[in-house]
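What follows is one structure encoded as structure tokens, with my remarks underneath.
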Amino acid sequence: MELIYEKSVAGRKGVRLPASDVPKAKALPKKLLRSEAAGLPELSELDVVRHFTNLSRLNYSVDTNFYPLGSCTMKYNAKGLEAAANLFAPFHPMTALLPGGEKLTQGSLGLLFELGSLLAEITGMDEVTTQPLAGAHGEMTGMLLIAAYHRAKGNRKKYVIVPDSSHGTNPASAAMVGYEIVTIPTAPYGDMDLDAFKAALNDEVAAVMMTCPNTLGLFNPHIKEICDLAHGVDALVYYDGANLNAIMGKVRPGDVGFDVVHVNLHKTFGTPHGAGGPGSGPVGVKKGLIPFLPIPRIVRKLTGAYTVEHENPEGIGRTANFFGNFGVMAKAYAYILMMGKEGLIQVSEQAVLNANYIMSRLKDLYEVPYDQTCMHECVLSASRQLAHDVHAIDIAKFLIDQGFHPPTVYFPLIVKEAIMIEPTETESKATMDAFIDAMREAAELTEKDPDILKRAPVTTPISRLDETKAAREQNVCCQ
Amino acid sequence: MSYCPHTVDEQQSMLGTIGVASIADLFKPIPKKLRAKSFDLPAGMSEFEMLQKMTDLAASNAQGVIPFIGGGFYDHLIPTAVDHLSGRAEFYTAYTPYQPECSQGSLQALFEYQTAICRLTDMEASNASLYDGGTALAEAALMALRITGRNRLILDGSANPFYREVLKTYLANLEVEIIELSPLDGATNKPDCLAALDDTTAAVIVQNPTFFGGFTDLTDVAKAAHAKGALLITTVYPVSLGLLKSPGEMGADIVVGDGQSLGNPLSFGGPSFGFIATRKKYIRNLPGRIIGETVDREGRRGYVLTLQAREQHIKRHKATSNICSNQSLSALRGLIFLSLMGKQGLAELARLNYEKAEYAKAVLGSIREVTVLAGSPTFNEFTLSLPMRATKVVEKLLAKGIAAGVPLGLYYQDADNYLVVTVTEKRSRQEIDLLAKELESVLWS
Amino acid sequence: MEIFFSKEHEWVKVKDGIATIGISEHAAHELGDITFVELPAVGKSVKQFEVLAGIESVKAASDIYAPVSGKVVTVNEALETTPEIVNDAPEDAGWIAVMEATDLSELQNLMTKAQYEEYLKNL
């Protein structure tokens, strides 16, 4: 499709602005003005509407296709959530920060506080800050909190431990805060190698970052022992909440011994992923870390009114402009209200049921590197198909031709030719059966006619793209 | 209500296929002693009941407060088509376009977004968005530290106090020296900035227009920085670039800002998006997703995520940033907004903001003992000096339904009587006159 | 000129104390299409097995370790614009840097071509 800039016609206008109702002002000195108007497209409103409507049709999305992208929890995004968030669109965040402004913003402040309380109960933590803007931002906030905790205690800490199955954001977030990373291998049973962990643990370890269930979709039964061992050297334990969708109402990280938790509202709590974001990554902490939470902090007074604390001398400071991605939080709050206690438990149960169903129907044709009951996602490997020179990527592209968004492939990095499938709780058996059929067909074609897989996709407007050319030429904006 | 579709029969059949008797069996890998000690949540509700509750909650915010406030978020008009198009489910229910063949819609749109940001700032390379203005400034600083291999930053004190706090929070545990300059008459403190520059400086960080509203040509600062091998980072208000000299023209090396003003609602502070743009030679140091153009097997043009080897999912602790999810949908809204405004529309919009603010300056500045800080020209924000504490004035006017401005004393020492007033195109002459009338009455009656 | 290999798949050829360094055929093949080589700064001193340079393909990023200690005297600037040379001729035109080696006894810590080929078979 043509770029919007290629459709531009000099002199065409799309929007009529309100006429000025004030006298003409003295112009700014010429040296302060831009020498040439910015090269934005010149189009009618219809041109713009048609362009983006047609672009949207080139996407697979949850509303149009099964989207079992492992680690991303692509569940259905209820439409009521959009309506709920729109109710708060007109409110300026600065109002709440002005003298006398709190009483004018009790609805917004109350929503944030109540959402924080609900998330604290769900995760078993003592207080939640809703400021972090995404999962990775939550991780970094968590690492800043941990650094502040150690600094206050006079601890000298240098290292953060992560398992090799962790999301790349874990080591990246710890490194951004200045820590060195120690990576622990995965044992043959799929969990972090406990002996290697014990050997790596010492007084200089600031934190251990765990995803539980981990990125292989497995629940580590030794997780409490890991927390206890870490606490033994005054290291704190961080819970990466990317996979919380598996365990709501079953396990609470806070009960197990985790000190800091982030949750991904755009994964577990039903808010849309927006083609890459916005997400939201609230962070929950145990009591000992509350003094370090970022500002502004929302507190409920004895009168029941909500107030904003602007200062916290011991705190890490500020991690975002205002109160975080409020619109996303309004949706997550609405989601939790609708689900309620029973609904959230059912979410996790059905998510786990669906993942195990898919795994049990595919494990005769695909290698399951860690063959045990999985939680909300399962990780297969295309290692058997490799003998026919068929790779995970070929299977992924074949699935596109069958009308499915592919699962996550080549992650976790520790599984060769990984295919990571997360169906979520909102998919029907019929949809999953159709997907399973397509996966089984891919396995059959691997032996009979691998070229079909190699050529795929053929039903999309473009075929496989030359990523090497893109990386070498770096053409990232239209000239 | 949980949007789970299985019937009892379907569930039984699935459990049979798996070979377990019940759902409980699937949770056996979790030892009993690790089970939740509590899960005390309210019962669920229907969509109808939820919307009633949310409507009540929204109604407990004051309605219709007239905003003359900014602080990084601005009350601009948003054409209806922005909501309509960004509300296309194919955009908002998709995720990061890892599989380009079935994500060309997002990829092409984000490539067009990167182009719009480059054209607006007169830079050569943009990423596909960051979280917000403050975190974008922090990422720009980290980028400058990487590029120069130095560890000293000069930060102008007239930059948004929230952004400065975010920057300091991000850098708190790194060995970086931040020289913070005090503001000078509401404009960039050029003399102190030039004096502080040395050949260990990684970057000079300036907001333009400043938090006070003042706008300056930074060409001399860019030259001085470059002479010392340092970079110039500017954070800008994108709507102002419809009118004002662009950071690229001034010689900036990294340009960031918050994109809320481009088609994103105030929404109590988010989501908006952060943008970051730079010179082509620094592209490998950019954080986050980048979309690049390429061709398919038949030679047809298409778009992919590119230079991914910089990112956390490949480079882990050596990545240029930890960012994964960004603010794509908000960035898409920014692109749609800019496309609807177009070349002429954005220029007109910027001029309208400037003219309304100039009118407000004249009207407010004519009130007895109220003066407009005149250190430099302004765009749509300016600072008033009042004969009374600004917090007191704001509180009184807020009770009358007018958010008169941001009292500088909240964020600066010895600035208790200063008030920053924002006037966007949405403020009518009538509203500006009302502000003047009410301000005068608070001060003098 | 004899060639030596490291376990991390770098090669080195030494003549009169001047070491030319690159990555092996095997490494270049494993990386796939190379899109970027991060060349070391001329004058940089590194010890044996420390990070010397970086190399990226579309889906991977790796460090290149110095097979011997020394100081960088020249880098292969052609790789800045045409990194694919490393794919085409990794053990020849795709060399990465030339160093003044400070301790030739370090070659004992490396493998000969025959040893390296044996090592690859067992990977």
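The values are calculated or read from the model by the stated rules, or taken from the named source; none is laboratory data. Computed from a predicted structure; not experimentally measured. Glycine also receives a Cβ, built like all others from the backbone with ideal geometry; neighbour counts cover every protein chain displayed.
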| query | How many residues are without any contact (Cβ under 8 Å) to a residue 60 or more places away in the chain, more than 20 Å from A:Phe258 (Cβ to Cβ) and assigned to a helix (DSSP H, G or I) when one looks only at the range A:95-148? | reply | 3
| remark: Among the residues of the range A:63-78, the number that are touching a residue at least 40 places away in the same chain (Cβ under 8 Å), at the interface with another protein chain (Cβ under 7 Å from one of its Cβ atoms) and assigned to a loop (DSSP other than H, G, I, E, B) is 5
| message | Which pairs turn up if I take residues in the range A:197-222 that are in the same structural domain as A:Val182 (by TED's automatic domain parsing) and within 18 Å of A:Met140 (Cβ to Cβ) and look for partners that are in a strand (DSSP E or B) and acidic (Asp, Glu) with beta carbon separation below 7 Å, at least 6 apart in sequence or on another chain? | response | A:Met209/A:Asp240; A:Met210/A:Asp240; A:Thr211/A:Asp240
| Search result, residues across the range B:145-169 that are among the β-branched types (Val, Ile, Thr) and farther than 30 Å from B:Tyr74 by Cβ | B:Ile147, B:Thr148
| said: With the requirement that a residue be more than 10 Å from every other protein chain (Cβ to nearest Cβ) and hydroxyl-bearing (Ser, Thr, Tyr), what does the range A:307-334 give you? | reply: A:Thr307
| field | Flag for B:Gly270 being modelled with pLDDT of 95 or more and crowded, with 24+ Cβ neighbours inside 10 Å | value | yes
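Every residue, every condition in (1) on the phi < 0 side of the Ramachandran plot; (2) modelled with pLDDT of 95 or more; (3) part of a helix (DSSP H, G or I), yes or no:
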residue: B:Lys361; (1), (2), (3): yes, yes, yes
residue: B:Glu369; (1), (2), (3): no, yes, no
residue: B:Ala374; (1), (2), (3): yes, no, no
residue: B:Val393; (1), (2), (3): yes, yes, yes
residue: B:Leu434; (1), (2), (3): yes, yes, yes
| message | Which pairs turn up if I take residues in the range A:456-479 that are within 25 Å of B:Arg310 (Cβ to Cβ) and more than 7 Å from chain B (Cβ to nearest Cβ) and look for partners that are part of a loop (DSSP other than H, G, I, E, B) and of a type in the set (Val, Ile, Thr) with beta carbon separation below 7 Å, at least 6 apart in sequence or on another chain? | response | A:Thr468/C:Val58
| field | Residues within the range B:50-98 that are more than 30 Å from B:Val420 (Cβ to Cβ) and touching a residue at least 60 places away in the same chain (Cβ under 8 Å), tallied | value | 8
| query | Does any residue in the range A:344-358 that is without any contact (Cβ under 8 Å) to a residue 40 or more places away in the chain come within less than 7 Å, Cβ to Cβ, of a residue that is buried (at least 24 other Cβ atoms within 10 Å of the Cβ) and outside any helix (DSSP H, G or I) six or more places away or on a different chain, and which pairs are these? | reply | A:Asn356/A:Cys374
| remark: Flagged pairs (Cβ under 8 angstrom, 6 or more apart or on separate chains; first in the range A:21-44, more than 7 Å from chain B (Cβ to nearest Cβ); second of a type in the set (Lys, Arg)) are A:Ser44/A:Arg12; A:Ser44/A:Lys13
| remark: A:Ala392 fails exactly one of (1) under 22 Å from the mean Cα position of the chain (by Cα); (2) under 23 Å from A:Thr460 (Cβ atoms), namely (1)
| message | With the structure loaded, tell me whether C:Ala61 is over 12 Å from the mean Cα position of the chain (by Cα), within 14 Å of chain B (Cβ to nearest Cβ), under 26 Å from A:Glu467 (Cβ atoms) and buried (at least 18 other Cβ atoms within 10 Å of the Cβ) or whether it fails that test. | response | yes
| field | Residue ranges of helices (runs of 4 or more DSSP H) in the range B:44-138 with at least 1 members closer than 17 Å to A:His51 by Cα and more than 7 Å from chain A (Cβ to nearest Cβ) | value | B:80-86, B:104-121
| Within the range B:287-311, considering residues that are more than 7 Å from chain A (Cβ to nearest Cβ) and among the small types (Gly, Ala, Ser), the one surrounded by the fewest Cβ atoms within 10 Å (Cβ to Cβ) | B:Gly299
| request: Among the residues of the range B:312-362, count how many are among the aromatic types (Phe, Trp, Tyr), at the interface with chain A (Cβ under 7 Å from one of its Cβ atoms) and touching a helix residue (DSSP H, G or I) at 6+ places or on another chain (Cβ under 7 Å). | output: 1
| message | If I filter the range C:1-30 down to residues being in contact (Cβ under 8 Å) with a residue 12 or more places away in the chain and assigned to a loop (DSSP other than H, G, I, E, B), which single residue comes out as farthest from C:Leu107 (Cα to Cα)? | response | C:Ser24
| field | Count of residues meeting criterion [under 26 Å from A:Asp164 (Cβ atoms), surrounded by 24 or more Cβ atoms within 10 Å (Cβ to Cβ) and among the hydroxyl-bearing types (Ser, Thr, Tyr)] in the range B:312-333 | value | 2
| field | Check on A:Ser165, out of contact with any Gly (no Cβ under 6 Å at 6 or more places or on another chain), part of a helix (DSSP H, G or I), in contact (Cβ under 8 Å) with a residue 60 or more places away in the chain and of a type in the set (S, T, N, Q) | value | no
| request: Answer yes if at least one residue in the range B:341-353 is at pLDDT 95 or above, in contact with a strand residue (DSSP E or B) (Cβ under 6 Å, 6 or more places away or on another chain), under 27 Å from B:Glu438 (Cβ atoms) and part of a helix (DSSP H, G or I), and no otherwise. | output: no
| Applying the selection to the range B:357-373, what residues are free of Cβ contacts under 8 Å to residues at least 60 places away in the same chain and either basic (Lys, Arg) or farther than 18 Å from B:Ile432 by Cβ (or both)? | B:Lys361
| Extreme residue, farthest from the other protein chains (Cβ to nearest Cβ), among residues of the range A:340-383 that are among the small types (Gly, Ala, Ser) and under 24 Å from the mean Cα position of the chain (by Cα) | A:Ser381
| query | Would the range B:51-71 turn up any residue that is among the aromatic types (Phe, Trp, Tyr) and within 23 Å of the chain's Cα centre (by Cα)? | reply | yes
| Looking at the range B:144-176, which of the residues that are closer than 21 Å to B:Val236 by Cα and more than 21 Å from the chain's Cα centre (by Cα) is surrounded by the most Cβ atoms within 10 Å (Cβ to Cβ)? | B:Ile154
| field | Residues satisfying the stated conditions in the range B:156-174, i.e. in contact with a Gly (Cβ under 8 Å, 6 or more places away or on another chain) and either more than 9 Å from chain A (Cβ to nearest Cβ) or of a type outside the set (Gly, Ala, Ser) (or both) | value | B:Ser158, B:Asn160, B:Phe162, B:Tyr163, B:Arg164, B:Glu165, B:Val166, B:Leu167, B:Lys168, B:Thr169, B:Asn173, B:Leu174
| field | Those residues of the range B:20-37 which are of a type outside the set (Lys, Arg) and either at the interface with chain A (Cβ under 7 Å from one of its Cβ atoms) or closer than 30 Å to B:Ser267 by Cβ (or both), in sequence order | value | B:Ile23, B:Leu26, B:Phe27, B:Pro29, B:Ile30, B:Pro31, B:Leu34, B:Ala36
